[in-house]
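All remarks here apply to the structure that follows.
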Amino acid sequence: MEYLSKVSYNSTHEYVMKEGSILTKKYDVIVIGAGPGGMTAALYASRANLSVLMLDRGIYGGQMNNTAEVENYPGFKSILGPDLAKEMFESSTQFDAEYAYGNVEDVSVDDNGVKTIKTDSDTFETNALIIATGSQYKKLGVPGEQEYGGRGVSYCAVCDGAFFKNRDVVVVGGGDSAIEEGSYLSQLVKEVNVVHRRDKLRAQKILQDRAFENPKMKFTWDTVLTGIEGDGKKVTSVKTMNKKTGDEENISVDGVFIYVGLVPMTEPFQNLGITDEQGWIVTNENMATKIPGVFAIGDVRKKELRQITTAVGDGGIAGQGAYSYLETLKD
Ligand code: FAD
Ligand code: NAP
């Protein structure tokens, strides 16, 4: 069998016949999500001679694919997000970790500690599961947001910025994403109007300083968007309200970029009882959840700092943790 020829001596990578003759694929370690966290976990586990499968429902790289420029990942003064993703993918697969498409829909754990992972098309089994599904942008929830999605409303400056060359755009939010992606947009568009609900940004100081010095960025403080309007085909304006004065305004714009935070991608794991009330997965400092052999890393984890470096650090710990856990099963 083609797969078995790649298997190392201590590996459990094999096909198993289940009742009803469903073919289940078995690996020592399964990593769900091939962002920076997942890729690092796969590197560590495969380098420890374990059979490893990384499953992702999109292209490897995760949120790095939506990032214009990364300048806080050591080793690169500055690198485009998708380029960093490619570098990481090449190194994470050098010890035969496999990468496959799979939208994970359900995970269960049986009485023997075996984890079954169901995707939209396959079933897999493993003893060590590493969850690295990250997070995704939060919607603002105002009228017009859904209607004009992809027609002026965007959550990704790198993907859509070029459509707004020499036009006016609004960026909503005051965190790292809003300010960094707003700065990126300012290279393309006529003006970036950052609409923020408070009078202080949450973003890192270096990003704030650059944005305040940028002549193409302006700030509308203490203000929320109450609606996005258009001509039926595309966005033409936004409705705003100043929270302090109650003043309402209609601002003409061509694009609205929304960066109001993140939601964890944990729906397939809800029945495992490992999430907090907001849906983030709770782990200890070894990235272990309360279920033996289930680890969680990166943005999906309940933690303070969600960055590429911290996802990578988590990944190394969990990859090694999976190896140690599998060793205990041999006793
Ligand atoms: P992610 O990168 O989110 O990857 C998760 C992966 O899991 C995705 O590929 C997704 O497709 C997959 N997945 C999710 N659910 C499933 C499922 N059910 N089945 C299968 N696959 C699934 N950090 C920095 O350090 N520097 C920066 O400059 C920087 N810029 C940023 C700019 C923006 C706009 C954003 C949004 C974030 C930025 N960050 C930056 C943060 C950084 O990108 C994240 O902290 C990091 O990518 C988290 O890595 P991760 O591996 O935990 O998850
Ligand atoms: P975030 O830090 O949670 O910031 C969200 C912003 O949106 C906040 O300013 C918040 O306002 C505002 N907001 C939230 N809900 C809102 C609403 N309903 N209406 C209006 N405004 C609303 O999210 P993020 O900026 O996407 O960053 C997410 C993570 O990625 C962070 O950990 C960040 O450090 C990381 N990241 C890092 C970099 C980098 O290192 N260069 C770049 C991008 C992202 P308040 O401030 O009032 O709460």
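The values are calculated or read from the model by the stated rules, or taken from the named source; none is laboratory data. Just so it is clear, the structure is predicted and the values come from calculations on it, not from any experiment. Here Cβ is always computed from backbone atoms with ideal geometry, including for glycine, and neighbour counts include all displayed protein chains. What goes into the accessible areas is simple: the full protein's heavy atoms, side chains included, and nothing from ligands, DNA or RNA. Shrake-Rupley method; radii C 1.70, N 1.55, O 1.52, S 1.80 Å.
For the reader, a short list of remarks on this structure follows.
- Antiparallel bridges, percent of DSSP beta bridges restricted to region 153-258 (to nearest 5): 45 percent
- Ranked packing of 126-133, 194-201, most packed first, by mean Cβ within 10 Å: 126-133, 194-201
- Per atom type, the chain shows carbon and sulfur on 48% of its accessible surface, probed at 1.4 Å.
- Solvent-accessible area per residue, Å², over the chain with all protein chains present [probe radius 1.4 Å]: 50 Å²
- Unit charges on C-beta of K, R, D, E only; dipole of region 244-291, Debye: 320 debye
- Database remark: amide H of Thr226 closer than 5 angstrom to the amide H of Lys239, Thr240, Met241 (H placed geometrically; neighbours at sequence offset of 5 or more, or on other chains; Pro and chain starts carry no H).
- Put the Cα centre of region 222-241 next to the Cα centre of region 74-94 and the gap is 38 Å.
- Spin-label pair Arg197/Ile59, simplified geometry with 7 Å Cα→Cβ offset, distance in nm: 3.3 nm
- Note on region 153-258: with charges restricted to the Cβ of Lys and Arg (+1) and Asp and Glu (-1), its dipole about the Cα centre is near 120 debye.
- Computed from Cα atoms, the angle from the helix 176-186 axis to the main principal axis of the chain rounds to 60 degrees.
- Computed on region 73-183, the Cα convex hull volume stands at 198 Å³ per residue.
- Net charge over other residues, Cβ less than 10 angstrom from the Cβ of Pro143 (K, R count +1; D, E count -1): -2
- In the calculated pair-distance distribution of the chain, the portion above 33 angstrom amounts to 35 percent of the Cα-Cα pairs.
- For Asp222 and Val114, the difference between the fully extended length at 0.36 nm per residue and the C-alpha to C-alpha distance is 33.7 nm.
- Highest average first, the peptides 36-47, 293-304 ordered by how many other beta carbon atoms sit within 10 Å of their residues are 36-47, 293-304.
- Exceeding the 24 Å Cα-Cα cut-off - candidates Lys190/Lys234; Lys139/Lys243; Lys200/Lys239; Lys200/Lys233: Lys200/Lys233
- Under the simplified labelling scheme, the Asp83-Asp231 pair shows an inter-label distance of 3.9 nm, with each label point 7 Å from Cα along Cα→Cβ.
- Computed about the Cα centre, the dipole magnitude for the chain is approximately 720 debye when only Lys and Arg (+1) and Asp and Glu (-1) carry charge, each at its Cβ.
- Peptides 69-76, 52-59, 155-162, 322-329 ranked from most to least packed, by the mean per-residue count of other Cβ atoms within 10 Å: 52-59, 155-162, 322-329, 69-76.
- Taking GluC sites (Glu not before Pro) across region 232-283, the ones in a DSSP loop with at most 11 further Cβ atoms lying within 10 angstrom of their Cβ are Glu277.
- Extension gain from Leu329 to Thr123, taking 0.36 nm per residue of separation minus the Cα-Cα distance: 71.9 nm
- Relative to the globular-protein estimate of 2.2 N^0.38 Å, the Cα radius of gyration of region 139-240 stands at 1.01.
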